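Reviewing the structure listed below.
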Amino acid sequence: MTFSAAMVKELREVTGAGMMDCKKALVETGGNMEKAIEYLREKGLAQAAKKAGRIAAEGAVTSYIHMGGKIGVLVEVNCETDFVAKTEKFQELAKNIAMQIAASKPEFISKEDVPQDVIEKEKEILIAQALNEGKPEKIVDKMVEGRIEKYFKEVCLLEQPYIKDDEKTVGQLIAEAIAETGENIKVRRFVRFELGEGIEKKKEDFAAEVMAEVNKK
């Protein structure tokens, strides 16, 4: 069953859940609004969105050093209470996020963190690429919007497919943790170091090595 953009918008307003989660809920429930709301609540996504405005000042600064010291990550993940911060599940979440950053090299936390001038520059490049591919001008703008969303999935941590389960994004992983703990959880900041980055040398795919290490576990 098809559903309109207006239904997605309405579901977002009612539940506060993300657009992709709302779309999935409508697909899973055949476009039934009431069942879609129930679906989101069962998944904990509606509650997670409503907790997003609450102050999260506790948490942990977690590190991940790839074998051999080729990649290092420091990430600050916040929650609301010291009690949750000390739980094994929260510590595991923070560690997994650090590994995600090591493997997937995000540049920003969320889409909202990407500067507008960076987005405009990326659009210029994508428009030029589309025209060089011989695409009709009338569809270029629509194509570029789709490619910009793909760009966000590459450079924004919360939009990236989770390395241990690519059926969900990192944002959805955190939403699940929010639902489980009952607290707001946010990635506040991170830094990623790669050995020899910026120095001209033989190219090595350290990120692929991290992924190989993850897949062993």
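The values are calculated or read from the model by the stated rules, or taken from the named source; none is laboratory data. Everything numeric here is computed off the predicted structure, so don't read it as measured data. For neighbour counting, all protein chains shown are included, and Cβ atoms are generated from backbone atoms with ideal geometry for every residue, glycine included.
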Based on this model, can you work out whether Glu122 counts as charged (D, E, K, R), in contact with a Phe, Trp or Tyr (Cβ under 7 Å, 6 or more places away or on another chain) and either loosely packed, with under 14 Cβ neighbours inside 10 Å or over 30 Å from Gly68 (Cβ atoms) (or both)? yes
Quick one: how many residues across region 138-176 are closer than 21 Å to Val77 by Cβ, buried (at least 18 other Cβ atoms within 10 Å of the Cβ) and modelled with pLDDT under 90? 2
Which of the residues that make up region 1-37 are free of Cβ contacts under 8 Å to residues at least 24 places away in the same chain, surrounded by 14 or more Cβ atoms within 10 Å (Cβ to Cβ), under 21 Å from Asn184 (Cα atoms) and not hydrophobic (A, V, I, L, M, F, W, C)? Arg12
Between Ala130, Ala98, Ala94, which is more than 19 Å from Met20 (Cα to Cα), in contact with a helix residue (DSSP H, G or I) (Cβ under 6 Å, 6 or more places away or on another chain) and among the aliphatic types (A, V, I, L, M)? Ala130
If we ask which residues in region 180-194 are surrounded by fewer than 18 Cβ atoms within 10 Å (Cβ to Cβ) and either at pLDDT below 90 or not basic (Lys, Arg) (or both), their number turns out to be 5
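Results for (1) part of a helix (DSSP H, G or I); (2) on the phi < 0 side of the Ramachandran plot, shown as yes or no for each residue.
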{"residue": "Glu92", "(1), (2)": "yes, yes"}
{"residue": "Ile97", "(1), (2)": "yes, yes"}
{"residue": "Pro106", "(1), (2)": "no, yes"}
{"residue": "Glu112", "(1), (2)": "yes, yes"}
{"residue": "Glu124", "(1), (2)": "yes, yes"}
{"residue": "Leu131", "(1), (2)": "yes, yes"}
{"residue": "Gly134", "(1), (2)": "no, no"}
{"residue": "Met143", "(1), (2)": "yes, yes"}
{"residue": "Lys153", "(1), (2)": "yes, yes"}
Spot the failing condition for Ala130; the list is (1) under 23 Å from the mean Cα position of the chain (by Cα); (2) in contact (Cβ under 8 Å) with a residue 12 or more places away in the chain, and only one is missed. (1)
So Arg189 clears everything in (1) farther than 26 Å from Gly68 by Cβ; (2) in contact (Cβ under 8 Å) with a residue 60 or more places away in the chain; (3) not in a helix (DSSP H, G or I) except one condition, right? Which one? (1)
Unmet requirement for Lys95, which otherwise passes all of (1) at pLDDT 95 or above; (2) basic (Lys, Arg); (3) under 13 Å from the mean Cα position of the chain (by Cα): (3)
